[in-house]
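Input: a single structure, listed below in structure tokens.
The values are calculated or read from the model by the stated rules, or taken from the named source; none is laboratory data. Note that the structure is a prediction, hence the values are computed from the model and not measured. Cβ placement follows ideal geometry from the backbone for every residue including glycine, while neighbour counts extend to all protein chains displayed. Calculation scope for accessible area: heavy atoms of the full protein, side chains included, ligands and nucleic acids excluded. Shrake-Rupley method; radii C 1.70, N 1.55, O 1.52, S 1.80 Å.
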2 protein chains.
Amino acid sequence: MPQNDTGRSAFDRATAVTRTEGGGLRADLDPGWDVGNGVLNGGYLLAVVARAALADSPHPHPVALSASYLRATPGGPADLAVTAGPAGRTLAHSSVLLAGAAGPTLSVQVTTATLGSDPADYTVNPAPPLPAPDACVATRTAEGGPAVGLARQLDTRLDPATAGWVAGRPSDRRLLRAWIRLADGRDPDPLALLLFADALPPTAFAVGEPGWAPTVQLQVLVRALPARGWCLVESRSTEVTGGWSDEECRIWDSAGRLVAQARQLARVARQSRRPGRATSPVR
Amino acid sequence: MPQNDTGRSAFDRATAVTRTEGGGLRADLDPGWDVGNGVLNGGYLLAVVARAALADSPHPHPVALSASYLRATPGGPADLAVTAGPAGRTLAHSSVLLAGAAGPTLSVQVTTATLGSDPADYTVNPAPPLPAPDACVATRTAEGGPAVGLARQLDTRLDPATAGWVAGRPSDRRLLRAWIRLADGRDPDPLALLLFADALPPTAFAVGEPGWAPTVQLQVLVRALPARGWCLVESRSTEVTGGWSDEECRIWDSAGRLVAQARQLARVARQSRRPGRATSPVR
């Protein structure tokens, strides 16, 4: 049962779900996947939720997840209540509610199906050109980089063109691009793509406005099975207004093929929320 | 109580929700908002769901909705079960399940808050240039246009640059742009934006592949209160693969300000689902 495979890598162990004697699903959320202050990363939690949905689905892959982040989720035991929706030959729907000791923290609509790796019939998503990973900026050791658990689980190499902020030279564009893979070398799959869809720092970092930008809602679409090796992640904000920011994410695999898309609505980090102040020339 | 205002326009009457004696919420879904075969439009249904969420929220506006379309929804009475999540000063979460006589058909995560109309702090969403509405193509009377209930409720004027398909000259780009407003002249508000976010024909129409493209999941973000008058809607697909298509939607108000963003994952219409056939040069 792939969703309970706990042998392969830190990611698989940390996202495992087990069936309880009562027939429910439970996870032991690993505090080592935090983004600071003991709060777990939203993409990590989505992967746990997807495993729960897959445990009860006739289909093997998550293709669409829409999540409401109700409260910050800490590490520790959590119950995953899966409500099955219609399931057919092509796809299956379910709802998953993740609840820890303090109650529900994450509510997710999940669609599962069977993904392929055939070439796209139509695409306007060419992969952006990036220097090779070794010519990029490793955020794990970068000053100003995120000194959080999540950063130790991932190998993230920022495109130098979007890494000025790491060296104190912020951009005027809320754009980050990076190569990314799991730190232990585990190859990407649809579950890892859910993690990668929320793994870069907030785009506000690029313009020199660090701080936690809590996700309110996040939708991730997995479009194809990724090839082995590095993935390329691009995250950008297109509109910041009234204390809210979007974050658009696209992920390509090592063959340059688009494999996932995501969009989240986040609150603007407190230290950068200054009403009426344009953080960049409005273009 | 705005969400129960049934006097103003056909849209308000058709999306009204009422409190039952048992304390639940109920709508009488209007079959006149269909997209063919008696199936109601997804954006119309989102507006009904948002009214139900607002009825139980301390906040006045829908800012984020993520919906799973479980089954096609016909007209007739429907119950709206609202499960309240955390509610604070800034925002409130809830889940809404819409169920008709045949059971649940739509499950939605809703975030409500208070929207403003101040200028954006940061934007890379300039409104595309479009001819004036009177110089555009009215789809209500166009041959090949959608002869469905929804088309009678809306006044939609396609940008001639994306309307070639109406006259039998399809494009190679899955892109549609149009001015849109409610047919009875009602001004836009956040609820109408939910409707507009799923109101254009499938983008496959633009490349000469008509047919119903059922929405699987749809996320709509409302970013600001729209000004009075026409809205400009752009819908485009960026990736079609394995029988699935995305549809990206942006909506600007009459002042050229971005007011909503949406993304959906849809199944490719049956008549155009031909495995291995590139419908356009892959760019």
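Values computed for the structure shown
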| quantity | calculated |
| --- | --- |
| Residue check for residue B:209: within 27 Å of residue A:248 (Cα to Cα) and within 14 Å of chain A (Cβ to nearest Cβ) | no |
| Restricting the range B:18-36 to residues that are of a type in the set (Asp, Glu) and not in a strand (DSSP E or B), the residue that is nearest to residue B:48 (Cα to Cα) | B:30 |
| Residues of the range B:253-272 classified as within 9 Å of chain A (Cβ to nearest Cβ) and at pLDDT below 95, total | 1 |
| Single residue of the range A:61-71 satisfying the filter (of a type outside the set (S, T, N, Q) and within 11 Å of chain B (Cβ to nearest Cβ)) that is most open to solvent (accessible area, probe 1.4 Å) | A:71 |
| Residue identified as among the acidic types (Asp, Glu), over 25 Å from residue B:261 (Cβ atoms) and more than 14 Å from every other protein chain (Cβ to nearest Cβ) among B:12, B:28 | B:28 |
| The listed residue being open to solvent by 10 Å² or more (accessible area, probe 1.4 Å), facing chain A (nearest Cβ under 9 Å) and polar (S, T, N, Q), out of B:90, B:156, B:111 | B:90 |
| Number of the exception - residue A:177 against (1) away from every other protein chain (no Cβ under 13 Å); (2) at pLDDT below 95 | (2) |
| Failed criterion for residue B:117 (all others in (1) more than 29 Å from residue A:215 (Cα to Cα); (2) within 14 Å of chain A (Cβ to nearest Cβ); (3) open to solvent by 40 Å² or more (accessible area, probe 1.4 Å) hold) | (1) |
| Index of the failed condition, residue B:235 passing every other in (1) among the small types (Gly, Ala, Ser); (2) touching a Phe, Trp or Tyr at 6+ places or on another chain (Cβ under 6 Å); (3) at pLDDT 95 or above | (2) |
| Check on residue A:137, closer than 25 Å to residue A:267 by Cα and either more than 9 Å from every other protein chain (Cβ to nearest Cβ) or touching a helix residue (DSSP H, G or I) at 6+ places or on another chain (Cβ under 6 Å) (or both) | no |
| Extreme residue, most open to solvent (accessible area, probe 1.4 Å), among residues of the range B:93-107 that are more than 10 Å from chain A (Cβ to nearest Cβ) and among the small types (Gly, Ala, Ser) | B:101 |
| Test result for residue B:74, more than 30 Å from residue A:62 (Cα to Cα) and surrounded by fewer than 18 Cβ atoms within 10 Å (Cβ to Cβ) | no |
| Pick from the range A:232-245, criterion touching a helix residue (DSSP H, G or I) at 6+ places or on another chain (Cβ under 9 Å) and among the aliphatic types (A, V, I, L, M), ranking: nearest to the other protein chains (Cβ to nearest Cβ) | A:240 |
| Any hit, the range A:181-188, residues being within 13 Å of another protein chain (Cβ to nearest Cβ), modelled with pLDDT of 95 or more, open to solvent by 20 Å² or more (accessible area, probe 1.4 Å) and out of contact with any Phe, Trp or Tyr (no Cβ under 6 Å at 6 or more places or on another chain) | no |
| Residue pairs meeting the criteria (Cβ under 6 Å; at least 6 apart or on separate chains; first more than 19 Å from residue B:122 (Cα to Cα), in the range A:169-182; second of a type in the set (Lys, Arg)) | A:178/A:157; A:179/A:157 |
| Residue selected from the range B:120-134 under the condition out of contact with any helix residue (DSSP H, G or I) (no Cβ under 9 Å at 6 or more places or on another chain) and within 12 Å of another protein chain (Cβ to nearest Cβ), by the criterion most open to solvent (accessible area, probe 1.4 Å) | B:126 |
| The lone exception for residue B:75 - which of (1) within 13 Å of chain A (Cβ to nearest Cβ); (2) over 26 Å from residue B:225 (Cα atoms) it fails | (1) |
| One residue from B:110, B:17, B:63, B:35 being in contact (Cβ under 8 Å) with a residue 60 or more places away in the chain and in contact with a Lys or Arg (Cβ under 7 Å, 6 or more places away or on another chain) | B:17 |
| Among the residues listed as B:85, B:75, B:7, B:42, the single one being at pLDDT below 95 and either out of contact with any helix residue (DSSP H, G or I) (no Cβ under 7 Å at 6 or more places or on another chain) or farther than 25 Å from residue A:263 by Cβ (or both) | B:7 |
| Boolean, residue B:192 is open to solvent by less than 20 Å² (accessible area, probe 1.4 Å) and more than 14 Å from chain A (Cβ to nearest Cβ) | yes |
| Single unsatisfied condition, residue B:229 versus (1) on the phi < 0 side of the Ramachandran plot; (2) at pLDDT 95 or above; (3) more than 10 Å from chain A (Cβ to nearest Cβ) | (1) |
| Filter result for residue A:52 (farther than 15 Å from residue A:220 by Cα, more than 9 Å from every other protein chain (Cβ to nearest Cβ) and open to solvent by less than 40 Å² (accessible area, probe 1.4 Å)) | yes |
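Residue-by-condition table, conditions (1) among the aliphatic types (A, V, I, L, M); (2) in contact with a Gly (Cβ under 6 Å, 6 or more places away or on another chain); (3) crowded, with 24+ Cβ neighbours inside 10 Å:
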position: A:199; (1), (2), (3): yes, yes, yes
position: A:202; (1), (2), (3): no, no, yes
position: A:208; (1), (2), (3): no, no, no
position: A:235; (1), (2), (3): no, no, yes
position: A:241; (1), (2), (3): no, no, no
position: A:245; (1), (2), (3): no, no, yes
position: A:256; (1), (2), (3): no, no, no
